[in-house]
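The values are calculated or read from the model by the stated rules, or taken from the named source; none is laboratory data. Everything numeric here is computed off the predicted structure, so don't read it as measured data. Note that we place each Cβ from the backbone using ideal geometry, even for glycine, and neighbour counts take in every protein chain shown.
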Amino acid sequence: MVSASSVVWRDSPDYEEARIGRVFNNRRPDRYPRGVVQPTTAAGVADAVKLANQLGLRVSVRSGGHSWAAWSVRDDALLIDLGELKYLELNEASGTLKVSPSTTGRVLNEYLGLKGKMFAGGFLLQGGMGWNCKNWGWACEKTLAVEVVTANGDIRLCSKDENCDLFWAARGAGPGFPAIVTAFHLEVRNSFSNIMKSTFIWPLEQYKTVLDWTINIAPKCDDSVEVVCVSLRPDPTKEPVILSGFVTFQNSEDDAIASLKLANETHPPGAIMTAMCTPSSLSVEYEAQKLANPEGHRYTSDNVYISNDADAAEVLREAFTTLPEGTKTFALWYSMNPCSRRELPDMALSMQSDHYFALYTVWEDGKDDERCTSWVKKVMKDVEQHSVGAYLGDSDFQVRRTRFWEDAKAEKLMQLRQKWDPRGTVCGFLDQGDKSGVNGLENKHEWRT
């Protein structure tokens, strides 16, 4: 039971830890909720919403705490932290999983791996750009139902047959979802016994050759292969390099080697490091992600889907070749083709292209905030003019506004926000001044206005 006495109010000695203790980004927001509550059940979440309504407060929601812009921390709201709301239950007969929204992909797949299963993962409300997304599709496509608490404090199940409009929104609305998800019901897949990868690193002066080759080869790889190209500094004090990585998910060593053959035989000469057909696992890949996104650091991110007809390597030249010195920043191109060429199911998620590009700017000292954030803005000012839109999961609506859905899907989503939360109880998109409210985002390229 959640009551006023169970809230960590702003005058509590535990307030600061409750406010930002689970925020991953060490650039702490200068925003202060009225209080924080940590329910352990869906009923507790409903009680918290009802309490907020009685007090005339909005509610914000924290799940994993990994949004780059700390969307959960909102001025004068009641922050509902779902970190202690925990479900992780596999129905082995049906192959479906009930999981709480604060569960990370790593924890989820460690649990599933013991049972011979896996799930692609990703930020599910935003769509879920998980493992091998270019071939397996968006993780949210495997969402079968969601359990939610509405803005009135009602508990509801949403699926294609029940509260279907909320179910539609739960697959791609992101932080604008007009309710609070307390559980996802997901379709899982069998795990793979032979995950293998080939990695190549070149000097940065070969950037254009390498990225052009990676873009060209990606759709020619078979449907087991995830493809990425990254510019990074192996050490913050070293010069950047350009890396192409190919990970295959197979069930035999021979099949894995065959899947990597095209990349292994056609990669451009001049590599300063090659590691072909290296055995891997989801645990190894998650550990690599952890090293690339270290705790205790300051972050800013931005992203675009580059137009299919653009010269992506030329568009991204500045982003890939001018990484801020003394930082752990990396620029990433991620292949989305052929998934990007197919018709998506009817859901809010509707923005994609062949080329996903993201900047993850990573540093330690607050004195570098202006240098790093200014670099991102400068790079994106040119890149966005060759884009069709952006992915919600790596965006900050306080900094840059663009398109996140097809126009008709955006209009429907904003109408659903007004239908299900007409008073704006559930904090939505955190834009400049936190003013979007029930109206949501305009879904327009700001650079065109």
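Table for the structure above
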read-out: Selected residue (only one of GLN385, GLN398 is assigned to a loop (DSSP other than H, G, I, E, B) and of a type in the set (S, T, N, Q)); value: GLN398
read-out: Segment 189-234 - residue that is basic (Lys, Arg) and within 22 Å of GLN250 (Cα to Cα) and, of those, surrounded by the fewest Cβ atoms within 10 Å (Cβ to Cβ); value: LYS220
read-out: Qualifying residue in segment 419-435 (condition: in contact with a strand residue (DSSP E or B) (Cβ under 9 Å, 6 or more places away or on another chain), in a helix (DSSP H, G or I) and not assigned by TED's automatic domain parsing to the domain that holds VAL181); value: yes
read-out: Within segment 40-76, tally of residues that are under 15 Å from LEU430 (Cα atoms), among the aliphatic types (A, V, I, L, M) and either over 24 Å from the mean Cα position of the chain (by Cα) or surrounded by fewer than 19 Cβ atoms within 10 Å (Cβ to Cβ) (or both); value: 0
read-out: Of the criteria (1) hydroxyl-bearing (Ser, Thr, Tyr); (2) surrounded by fewer than 23 Cβ atoms within 10 Å (Cβ to Cβ); (3) modelled with pLDDT of 95 or more; (4) not in a helix (DSSP H, G or I), which one THR237 fails; value: (3)
read-out: Filtered residues of segment 54-68 (kept if more than 19 Å from GLU17 (Cβ to Cβ), modelled with pLDDT of 95 or more and either in contact with a strand residue (DSSP E or B) (Cβ under 6 Å, 6 or more places away or on another chain) or in a loop (DSSP other than H, G, I, E, B) (or both)); value: GLY56, LEU57, ARG58, VAL59
read-out: Residues that are of a type in the set (Phe, Trp, Tyr), in contact with a Gly (Cβ under 9 Å, 6 or more places away or on another chain) and assigned to a helix (DSSP H, G or I), drawn from segment 281-334; value: TYR286
read-out: Hits in segment 110-142 - residues which are touching a Gly at 6+ places or on another chain (Cβ under 7 Å) and assigned to a helix (DSSP H, G or I); value: LEU125, GLN126, ALA139, CYS140
read-out: Complete set of residues in segment 305-351 that are polar (S, T, N, Q) and surrounded by fewer than 23 Cβ atoms within 10 Å (Cβ to Cβ); value: SER307, ASN308, THR321, THR322, THR327, ASN337, SER340, SER350
read-out: Boolean, LEU79 is in contact with a Ser or Thr (Cβ under 7 Å, 6 or more places away or on another chain), modelled with pLDDT of 95 or more, of a type in the set (A, V, I, L, M, F, W, C) and not assigned by TED's automatic domain parsing to the domain that holds LYS290; value: yes
read-out: Residue match in segment 34-57 (condition: farther than 18 Å from VAL148 by Cβ and touching a helix residue (DSSP H, G or I) at 6+ places or on another chain (Cβ under 7 Å)); value: yes
read-out: Scan of segment 428-449 for residues that are touching a Pro at 6+ places or on another chain (Cβ under 8 Å) and crowded, with 21+ Cβ neighbours inside 10 Å, ordered by number; value: GLY428, PHE429, LEU430
